[in-house]
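The values are calculated or read from the model by the stated rules, or taken from the named source; none is laboratory data. Everything quoted here is computed from the prediction, not taken from an experiment. A quick note on method: Cβ atoms are made from the backbone with ideal geometry, for glycine too, and the neighbour counts reach across all protein chains shown.
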């Protein structure tokens, strides 16, 4: 294959995946106009329209989707093999991209990376915070972090944290004006701080379990936020009840600034796991990070 054809195909893959000439150009280090010229040249040689362009979006045509499906995995395999060659270097090196939820990013990844990165100056780690379950292959991440129950069966899953527990909390000032809920259904009568999921735009349903009974409650309230910190601050300010991971609120419960409720309905669940494709060719840098994150009792 001619060298320019390889470059043009890589350019097409970048645009098709980013769905934007601007983002793809920034990723490849070329101008938007140069990238557009490259794609037009590729389409002319193939005699096919590969991308549908509007003033607001770019998306692959049927032919473009077929090309992405047929060549994308081959380029990924080449990149993985080239990355694996870093094993021949004296020092592990490379960039590792990880997707994780906000809590995992702050409570699990951040402490581990604080110790890991200074030891390996040639390794770079990019952490992308996302509440949804991301397809790490399609989005070109090396790995993702989610709770164990959410990891797909075709993925390698490495436990990187202990069991977790979510809890409902409110401030003493809030409970001076409102009765404590005794069962999850009582929450519909309370001012609750809702979480709007940044990825999907919907409101998160609060999940409860007691024995074999499982209950999901759609709560309502004056305040809706999209970050963990905002929920915590709202609860501390007495603006409503918040549904939080227990280790975040523990210091405030101990200090008497927050009060737990519905504790008998808040069951533990599997902790965080690092997940990645079973066919992934692990580089020395990635293997080192997996071991650094691995949870040990």
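Summary table
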quantity	calculated
Of all residues in segment 4-49 being under 19 Å from residue 77 (Cβ atoms) and surrounded by fewer than 17 Cβ atoms within 10 Å (Cβ to Cβ), the one that is nearest to the chain's Cα centre (by Cα)	10
Residue match in segment 228-240 (condition: closer than 27 Å to residue 176 by Cβ and under 18 Å from the mean Cα position of the chain (by Cα))	yes
Residue match in segment 182-200 (condition: in a helix (DSSP H, G or I), touching a strand residue (DSSP E or B) at 6+ places or on another chain (Cβ under 9 Å), in contact (Cβ under 8 Å) with a residue 40 or more places away in the chain and within 20 Å of residue 269 (Cβ to Cβ))	yes
Candidates 110, 143, 105, 115 - the one that is farther than 30 Å from residue 68 by Cα, at pLDDT 85 or above and within 11 Å of the chain's Cα centre (by Cα)	105
Among (1) part of a helix (DSSP H, G or I); (2) out of contact with any helix residue (DSSP H, G or I) (no Cβ under 7 Å at 6 or more places or on another chain), the one test that residue 289 misses	(2)
Enumeration of residues in segment 91-137 that are assigned to a loop (DSSP other than H, G, I, E, B) and either more than 22 Å from residue 148 (Cα to Cα) or touching a residue at least 60 places away in the same chain (Cβ under 8 Å) (or both)	91, 92, 93, 120, 121, 122, 130, 131, 132, 136, 137
Test: residue in segment 146-157 that is at positive phi, surrounded by 13 or more Cβ atoms within 10 Å (Cβ to Cβ) and not assigned by TED's automatic domain parsing to the domain that holds residue 239	no
Selection status of residue 215, surrounded by fewer than 18 Cβ atoms within 10 Å (Cβ to Cβ), touching a residue at least 60 places away in the same chain (Cβ under 8 Å) and either within 29 Å of the chain's Cα centre (by Cα) or not assigned by TED's automatic domain parsing to the domain that holds residue 131 (or both)	no
Selection status of residue 215, in a strand (DSSP E or B), more than 24 Å from residue 108 (Cβ to Cβ) and in contact with a helix residue (DSSP H, G or I) (Cβ under 6 Å, 6 or more places away or on another chain)	yes
Residues satisfying the stated conditions in segment 222-260, i.e. modelled with pLDDT under 95 and part of a loop (DSSP other than H, G, I, E, B)	226, 227
Output for segment 283-297, where each listed residue is under 13 Å from residue 158 (Cβ atoms) and loosely packed, with under 12 Cβ neighbours inside 10 Å	291, 296
Those residues of segment 241-281 which are over 16 Å from residue 163 (Cα atoms) and under 20 Å from the mean Cα position of the chain (by Cα), in sequence order	243, 275, 276, 277, 278, 280
